[in-house]
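Asker: Below you will find the structure I want to go over with you.
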Amino acid sequence: MNIKLINKEVYEVSSDVTVVFLKKDELTECEYTDILQKAGFKAEQDTTCFLYEKGLLFCGVESKKSDDLRSACACAIKTLKTSNFTSAKMEVISKSTIGALVEGIVLGGYEFNEYKSEPKKSEFKEVLLTSNDIDFGNLESIFNEALVVAHATNFTRDIVNRAPQEINPQTLSHVAQKLAYENSLECNILQEDDLAKENMGAMLAVGRASVHGSTLIHLSYKPANPKKVVTLVGKGLTYDSGGLSLKAATSMVTMKMDKAGACAVLGIIKAVSELKLDIEVHAFIGAVENMVGGNAYKPDDILVSRSKTTIEIRNTDAEGRLVLADVLDYAQDKVKADYIFDFATLTGACMIALGQYTTGLMGHSHKLKHDIGRAGSDSGEMISSLPFNRHLKKLLKSEIADISNTASKPYGGAITAGLFLDKFIKDENKNKWMHFDIAGTAYTETPWDCNVYGATGAGVRLMSNYLKNL
Ligand code: BES
Ligand code: ZN
Ligand code: ZN
């Protein structure tokens with residue numbers, strides 16, 4: 001689908017359909033009040049009324065702020081795609097909301113049809129955004145940036161949505177190599193023998209029962225005079241069966257999405273390099289498949305991580321933290337970064353704590369939490385802080401090793417997972433690190449906001465926004 005920004009008033013542009021956003025209190029002042037009311041349209045958020053003969057699509061909005069417009073735009077685009085019209089136009093109300101319109105259109109209009117023999121065909125081809133803003137050049141650059149970020153989000157979605165027989169640690173590293181080639185990034189891939197030389201006993205154990213060798217992917221974007229250096233770390237479990245602590249059949253379904261942290265990190269570095277930001281970015285990915293087999297790692301095993309911390313395994317399904325422990329340790333040795341952010345579909349507990357729509361944010365720095373919180377509200381991705389405390393930390397104590405991979409009590413599981421990662425953050429980096437648990441937000445089986453069935457690309461809009469304003 002095409003999306004264009006045109007420097008004209010909306011009535012000067014021709015298209016099949018005009019999209020009109022309408023608040024409840026505008027319903028009675030509108031030229032079409034009678035007919036809209038007869039149709040039962042109440043201008044409620046995320047409802048639409050299509051006056052086909054007139055070529056008008058009314059979309060209800062709670063307000064004309066970004067969050068409501070983004071969601072309404074996603075509804076509009078879905079309706080348009082099921083019609084036989086080919087083009088639509090809508091007026092850009094303000095500079096501050098143009099990004100939300102772009103996201104609603106590009107993200108709400110996303111479909112993953114790779115595995116359908118006969119994907120639904122749509123006649124709908126083009127959306128025209130119109131504006132007569134005096135500072136059109138500025139508007140255009142905001143529009144172009146939003147397009148880059150939205151496309152990077154869909155790039156992330158495309159990888160997460162791929163089936164696990166297609167995306168394994170080896171093929172994920174090929175995806176990274178292709179991105180590196182296209183966007184002129186440096187790329188280094190460590191295979192299992194390299195990981196063994198690095199003494200990555202935790203990461204290697206998780207992947208041991210898989211037929212696909214684990215990989216550590218390191219991509220870097222290095223502009224000439226960077227203002228800051230940022231390390232991103234992604235959990236890339238291309239499949240999480242739970243291992244010997246096998247998941248129940250129904251919980252295993254969707255576990256192809258356990259690579260969403262890795263894919264988010266790829267989307268972020270793609271966006272940053274295309275926006276040509278003055279920030280050096282390193283993306284580290286632990287790509288591993290957690291399977292069962294005669295050589296699988298076991299509950300009761302004691303693993304020696306790269307940092308020499310010994311880990312008692314009490315549940316092989318708490319595997320993401322083991323992979324991240326080694327990758328975080330490696331990343332901190334390789335790059336002296338100003339910030340270290342990890343993205344992981346780490347715990348079901350995060351979803352229980354915050355719901356499916358909010359990413360859990362953990363770390364020590366109040367300033368970072370505050371700044372990232374702002375990027376959350378600006379980007380439309382919801383995040384909430386889950387606080388560390390010393391009592392929860394004690395639950396990770398092991399009688400036999402330095403730390404246990406699960407907590408001794410079932411409550412606060414997202415935080416105890418975050419505290420496990422904290423054990424592998426070096427003292428000098430404590431205030432530079434933030435952990436994002438995207439278990440709830442990375443994937444959905446029911447559409448919400450501008451998300452459709454499947455991967456959402458969680459983390460990409462948020463981090464692109466944060467890094468742009470750094
Ligand atoms: N990948 C899962 C977490 C997850 C669950 C992501 C549901 C998305 C949706 C993770 O590896 C896991 O299995 N965590 C366990 C940890 C437990 C064994 C301590 C969990 O959340 O149950
Ligand atoms: Zn697991
Ligand atoms: Zn997992």
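Asker: If you check residue 160 against the conditions, is it among the aliphatic types (A, V, I, L, M) and over 19 Å from residue 285 (Cα atoms)?
Answerer: Criteria not met by residue 160.
Asker: Hey, among the residues in the stretch 52-86 that are among the β-branched types (Val, Ile, Thr) and open to solvent by less than 40 Å² (accessible area, probe 1.4 Å), which one's nearest to residue 103 (Cα to Cα)? If you could, list the steps in order and put the result at the bottom.
Answerer: Just the residues of the stretch 52-86 that are among the β-branched types (Val, Ile, Thr), to begin with: 61, 77, 79, 82, 86.
If we keep only those that are open to solvent by less than 40 Å² (accessible area, probe 1.4 Å) as well, we get 61, 77, 79.
On the way: 61: 16, 77: 11, 79: 16 Å.
Looking at residues that are among the β-branched types (Val, Ile, Thr) and open to solvent by less than 40 Å² (accessible area, probe 1.4 Å), I get 77.
Asker: Also, quick follow-up: Pick out, from the stretch 144-226, the helices (runs of 4 or more DSSP H) lying fully within it that include 3 or more residues that are without any contact (Cβ under 8 Å) to a residue 60 or more places away in the chain and open to solvent by 10 Å² or more (accessible area, probe 1.4 Å). It would help to see each step written out before you state the result.
Answerer: Values: elements: 169-182, 192-197, 201-206.
Where helices (runs of 4 or more DSSP H) fall fully within the stretch 144-226 and carry at least 3 residues being without any contact (Cβ under 8 Å) to a residue 60 or more places away in the chain and open to solvent by 10 Å² or more (accessible area, probe 1.4 Å), they are 169-182, 192-197.
Asker: Also, I was wondering about something else. Quick check on this structure: which one of 283, 260, 271 is assigned to a strand (DSSP E or B) and surrounded by 24 or more Cβ atoms within 10 Å (Cβ to Cβ)?
Answerer: Numbers: 260 fails: assigned to a strand (DSSP E or B); 271 fails: assigned to a strand (DSSP E or B).
Result: 283 is the single residue among 283, 260, 271 that is assigned to a strand (DSSP E or B) and surrounded by 24 or more Cβ atoms within 10 Å (Cβ to Cβ).
Asker: Among strands (runs of 3 or more DSSP E) lying entirely in the stretch 31-112, which contain 2 or more residues that are on the phi < 0 side of the Ramachandran plot and free of Cβ contacts under 8 Å to residues at least 24 places away in the same chain?
Answerer: Numbers: elements: 48-51, 56-60, 87-91.
Result: 48-51.
Asker: Given (1) within 12 Å of ligand 2 (Cβ to nearest atom); (2) under 30 Å from residue 182 (Cβ atoms), where does residue 317 come up short, assuming only one miss?
Answerer: For residue 317, the failing item is (2).
Asker: Go through the stretch 404-427 residue by residue and tally those that are in contact with a strand residue (DSSP E or B) (Cβ under 6 Å, 6 or more places away or on another chain) and not in a loop (DSSP other than H, G, I, E, B). Quick ask: steps written out before the conclusion?
Answerer: Kept after step one, since they are in contact with a strand residue (DSSP E or B) (Cβ under 6 Å, 6 or more places away or on another chain), are these residues of the stretch 404-427: 404-405, 414, 418, 421, 423, 425.
Next cut, not in a loop (DSSP other than H, G, I, E, B) only: 404, 414, 418, 421.
The qualifying residues number 4.
Asker: What about residue 400, is it touching a helix residue (DSSP H, G or I) at 6+ places or on another chain (Cβ under 6 Å) and either of a type in the set (Gly, Ala, Ser) or more than 27 Å from residue 102 (Cβ to Cβ) (or both)? Even if it seems obvious, please write down each step before you answer.
Answerer: Numbers: touching a helix residue (DSSP H, G or I) at 6+ places or on another chain (Cβ under 6 Å): no; either of a type in the set (Gly, Ala, Ser) or more than 27 Å from residue 102 (Cβ to Cβ) (or both): yes.
No: the conditions fail for residue 400.
Asker: Of all residues in the stretch 407-432, how many are over 16 Å from residue 340 (Cβ atoms) and either out of contact with any Leu (no Cβ under 8 Å at 6 or more places or on another chain) or outside the structural domain of residue 354 (by TED's automatic domain parsing) (or both)?
Answerer: Adding up the residues that qualify gives 3.
Asker: While we're looking at this one, here's another question. So residue 345 fits all but one of (1) more than 16 Å from ligand 2 (Cβ to nearest atom); (2) in contact (Cβ under 8 Å) with a residue 12 or more places away in the chain; (3) over 21 Å from residue 430 (Cβ atoms); what number is the exception?
Answerer: So the condition that residue 345 fails would be (1).
Asker: Residue 384: surrounded by fewer than 18 Cβ atoms within 10 Å (Cβ to Cβ), among the polar types (S, T, N, Q), touching a residue at least 24 places away in the same chain (Cβ under 8 Å) and on the phi < 0 side of the Ramachandran plot, yes or no? Full working, then the answer.
Answerer: Working: surrounded by fewer than 18 Cβ atoms within 10 Å (Cβ to Cβ): yes; among the polar types (S, T, N, Q): yes; touching a residue at least 24 places away in the same chain (Cβ under 8 Å): yes; on the phi < 0 side of the Ramachandran plot: yes.
Spelling it out, residue 384 is indeed surrounded by fewer than 18 Cβ atoms within 10 Å (Cβ to Cβ), among the polar types (S, T, N, Q), touching a residue at least 24 places away in the same chain (Cβ under 8 Å) and on the phi < 0 side of the Ramachandran plot.
Asker: Given the criterion modelled with pLDDT of 95 or more, aliphatic (A, V, I, L, M), touching a Phe, Trp or Tyr at 6+ places or on another chain (Cβ under 9 Å) and farther than 22 Å from residue 15 by Cβ, identify the matching residue among 88, 43, 72.
Answerer: After ruling out the rest, the residue left standing is 43.
Asker: Same structure again: Which of (1) surrounded by 20 or more Cβ atoms within 10 Å (Cβ to Cβ); (2) assigned to a helix (DSSP H, G or I) is the odd one out, the single condition residue 430 does not satisfy?
Answerer: Unmet for residue 430, out of (1) surrounded by 20 or more Cβ atoms within 10 Å (Cβ to Cβ); (2) assigned to a helix (DSSP H, G or I): (1).
Asker: Checking residue 323 against (1) within 14 Å of ligand 1 (Cβ to nearest atom); (2) closer than 24 Å to residue 147 by Cα, only one condition comes out false. Which one?
Answerer: The one condition residue 323 does not meet is (2).
Asker: Spot the failing condition for residue 134; the list is (1) open to solvent by 40 Å² or more (accessible area, probe 1.4 Å); (2) modelled with pLDDT of 95 or more; (3) of a type in the set (A, V, I, L, M, F, W, C), and only one is missed.
Answerer: (2)
Asker: Report, ordered by the first and then the second residue, all pairs with beta carbons closer than 6 Å, sequence separation of six or more or different chains, a first member in the stretch 241-256 that is under 18 Å from residue 169 (Cβ atoms), and a second member that is near ligand 1 (Cβ under 10 Å from one of its atoms) and among the polar types (S, T, N, Q).
Answerer: Between residues of the stretch 241-256 that are under 18 Å from residue 169 (Cβ atoms) and residues that are near ligand 1 (Cβ under 10 Å from one of its atoms) and among the polar types (S, T, N, Q), the close pairs are 241/290; 243/290; 243/316.
Asker: Any chance you could count how many residues in the stretch 355-374 are of a type in the set (Gly, Ala, Ser) and surrounded by 21 or more Cβ atoms within 10 Å (Cβ to Cβ)? First the steps, then the outcome.
Answerer: First, the residues of the stretch 355-374 that are of a type in the set (Gly, Ala, Ser): 355, 360, 363, 365, 373.
Filter again for surrounded by 21 or more Cβ atoms within 10 Å (Cβ to Cβ), leaving 360, 363.
Within the stretch 355-374, residues that are of a type in the set (Gly, Ala, Ser) and surrounded by 21 or more Cβ atoms within 10 Å (Cβ to Cβ) number 2.
Asker: Shifting gears a bit: Would the stretch 290-299 turn up any residue that is assigned by TED's automatic domain parsing to the domain that holds residue 200, outside any loop (DSSP other than H, G, I, E, B), in contact (Cβ under 8 Å) with a residue 40 or more places away in the chain and within 15 Å of ligand 1 (Cβ to nearest atom)?
Answerer: Taking the stretch 290-299 as the starting set, the residues that turn out to be assigned by TED's automatic domain parsing to the domain that holds residue 200 are 290-299.
If we keep only those that are outside any loop (DSSP other than H, G, I, E, B) too, we end up with 290.
With in contact (Cβ under 8 Å) with a residue 40 or more places away in the chain added as a condition, the list becomes 290.
Right, trim to within 15 Å of ligand 1 (Cβ to nearest atom) and you get 290.
Looking for residues that are assigned by TED's automatic domain parsing to the domain that holds residue 200, outside any loop (DSSP other than H, G, I, E, B), in contact (Cβ under 8 Å) with a residue 40 or more places away in the chain and within 15 Å of ligand 1 (Cβ to nearest atom), one finds at least one in the stretch 290-299, hence yes.
Asker: Of all residues in the stretch 242-251, which are more than 10 Å from ligand 1 (Cβ to nearest atom) and either under 30 Å from residue 334 (Cβ atoms) or not in a loop (DSSP other than H, G, I, E, B) (or both)?
Answerer: At the first step, the residues of the stretch 242-251 found to be more than 10 Å from ligand 1 (Cβ to nearest atom) are 244, 246, 248-250.
Within the stretch 242-251, 249, 250 meet the criteria.
Asker: Something else now. Condition first: modelled with pLDDT under 95, part of a loop (DSSP other than H, G, I, E, B) and open to solvent by 90 Å² or more (accessible area, probe 1.4 Å). Now tell me which residues in the stretch 1-30 satisfy that.
Answerer: 1
Asker: Separate question: Here is a check on your reading of the model: is residue 403 more than 22 Å from the chain's Cα centre (by Cα), more than 16 Å from ligand 3 (Cβ to nearest atom) and assigned by TED's automatic domain parsing to the domain that holds residue 266?
Answerer: Values: more than 22 Å from the chain's Cα centre (by Cα): yes; more than 16 Å from ligand 3 (Cβ to nearest atom): yes; assigned by TED's automatic domain parsing to the domain that holds residue 266: yes.
When the stated conditions are applied, residue 403 passes them.
Asker: Restricting attention to the stretch 306-314, does a residue exist that is within 16 Å of ligand 1 (Cβ to nearest atom) and buried (at least 24 other Cβ atoms within 10 Å of the Cβ)?
Answerer: As a first pass, look at the stretch 306-314 and keep what is within 16 Å of ligand 1 (Cβ to nearest atom): 311-314.
Within this subset, residues satisfying the condition of being buried (at least 24 other Cβ atoms within 10 Å of the Cβ) are 311, 313.
Checked against the condition, which is being within 16 Å of ligand 1 (Cβ to nearest atom) and buried (at least 24 other Cβ atoms within 10 Å of the Cβ), the stretch 306-314 yields at least one hit.
The values are calculated or read from the model by the stated rules, or taken from the named source; none is laboratory data. Everything quoted here is computed from the prediction, not taken from an experiment. A quick note on method: Cβ atoms are made from the backbone with ideal geometry, for glycine too, and the neighbour counts reach across all protein chains shown. SASA here: full protein model, heavy atoms, side chains in, ligands and nucleic acids out. Shrake-Rupley method; radii C 1.70, N 1.55, O 1.52, S 1.80 Å.
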